[in-house]
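Written below as structure tokens is the structure these notes are about.
The values are calculated or read from the model by the stated rules, or taken from the named source; none is laboratory data. Since this is a predicted model, take the numbers as computed values, not measurements. Using ideal geometry, Cβ is built from the backbone for each residue, glycine included, and neighbour counts are taken over all protein chains shown. Just the protein is used for accessible areas: all its heavy atoms, side chains included, with ligands, DNA and RNA removed. Shrake-Rupley method; radii C 1.70, N 1.55, O 1.52, S 1.80 Å.
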Amino acid sequence: MSINSEKRFPFVQGAVHVTRMVTDMLCLSGHEFTDSGATSDRVSKQSWWNLLDEENSIERIFCMAFLLLDTNFTETNASKNDFFRVIQETRLQMTYLLNLQPQTVDELWHSWIEMRASRPRHQMNVPAKSESINAVKEVEEDADTIDGDNEEKLETKELENRIAEYSTDQIETGEKERAESDLEDLQKYLPRLLTDSEILTQNHIAKLEAALPTSYQGYNWTLVFSTAKHGENMSRLYQLAKDYQATILVIKDVNGVIFGGFTPSKWRIEAEYFGTGESFLFSFKDAFNAYRWTEKNPYFMLANEDSIAMGGGGSFGLFLDEDLKGGTSGPCETYDNPCLASDEDFSSVVIELW
């Protein structure tokens, strides 16, 4: 948030508005719970309803909406008087993102990252010529004529009625085209790699950044270890990784498939499995997928002198041999993942730890 108190939006009011926004958009408004059958039927008809099957999905969507509000407020240099306009712009953006039919919360996050990257900062608000902005301006004019109590009443009644009058169909076609176009400015809004990567492109980084737990997003990435730079030496990997708490292990196999895992715990030699449920496996085979903890077992990370692994129960989700020249990947109960590599027994071209 902005440090200047003149530019800071009211935090509590913002949280209340975002809560109402999210519950309305997800068809979870309080009055709808009086008929749980009708609510379930309405939600199931939405193109994004699979989002709600994920653990903590509503909390993650709330965090995303609040981040959009804060970003819009800061990047448009808004003041407290602009609060109503910014909250409506945020609602329009969230509606637009949901209408892209994301099937996972990670996909929703990634769509937002693409949307931000495809526009300069001064265009982060809804386009001035769109009908939606005209409606918001009309609301602002009404809001300027009333006192605090009536302002709250207007917000809860008229604002929500008016915002419902215009749909995302009224957002300029150019908005969707920009969000789906090549992301020329993507690097401006993503973590900066402090060292060149032999594996990762900006699109890889965008998808991985969106998949990370929220508390690990927004940081620049440091190359901890690379077989191209440090050699195929597992002892060297452990030595360099000992000072880094959270890391992303990225592997490229001989067939060009990129995959790996995120771990919030240090890679270190242990006699038993260790780590936390924030860890996940991922693969870019065919399309990007992140495989999260199923809660079936706690087999997150396993590390000894001659191998490292993630996931267990059935097969190792990811296993690397001592020489770091290859390993195995198969279905495991920990992350409910398929084979991440091009083959279950794979040979690696390069391995990086970020």
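What do you reckon, is Ala309 within 26 Å of the chain's Cα centre (by Cα) and at pLDDT below 95? Full working, then the answer.
Working: within 26 Å of the chain's Cα centre (by Cα): yes; at pLDDT below 95: no.
Judged against the criteria, Ala309 is not a match.
Residues in the range 47-63: is at least one farther than 20 Å from Val105 by Cβ and either modelled with pLDDT of 70 or more or not in a helix (DSSP H, G or I) (or both)?
No: the range 47-63 contains no residue that is farther than 20 Å from Val105 by Cβ and either modelled with pLDDT of 70 or more or not in a helix (DSSP H, G or I) (or both).
Can you name the residue in the range 315-336 that is of a type in the set (Phe, Trp, Tyr) and open to solvent by less than 50 Å² (accessible area, probe 1.4 Å) and, of all such residues, is nearest to Glu295 (Cα to Cα)? The qualifying residue nearest to Glu295 (Cα to Cα) is Tyr335. Restricting the search to strands (runs of 3 or more DSSP E) fully inside the range 246-285 and requiring at least 3 residues that are closer than 15 Å to Phe319 by Cα and among the aliphatic types (A, V, I, L, M) gives 247-253.
Among the residues making up the range 200-245, those that are under 22 Å from Leu340 (Cβ atoms), polar (S, T, N, Q) and assigned to a helix (DSSP H, G or I) are Gln202, Asn203, Thr227.
Does Ala15 satisfy the condition of being aliphatic (A, V, I, L, M), in a helix (DSSP H, G or I) and modelled with pLDDT of 60 or more? The answer is yes for Ala15.
Somewhere in the range 337-349, is a residue part of a loop (DSSP other than H, G, I, E, B), closer than 22 Å to Ser265 by Cβ, among the charged types (D, E, K, R) and open to solvent by 60 Å² or more (accessible area, probe 1.4 Å)? No - not one qualifying residue is present in the range 337-349. Within the range 290-314, being open to solvent by 50 Å² or more (accessible area, probe 1.4 Å) and either within 17 Å of Asp253 (Cα to Cα) or assigned to a loop (DSSP other than H, G, I, E, B) (or both) holds for Trp293, Glu295, Lys296, Pro298, Tyr299, Glu305, Asp306.
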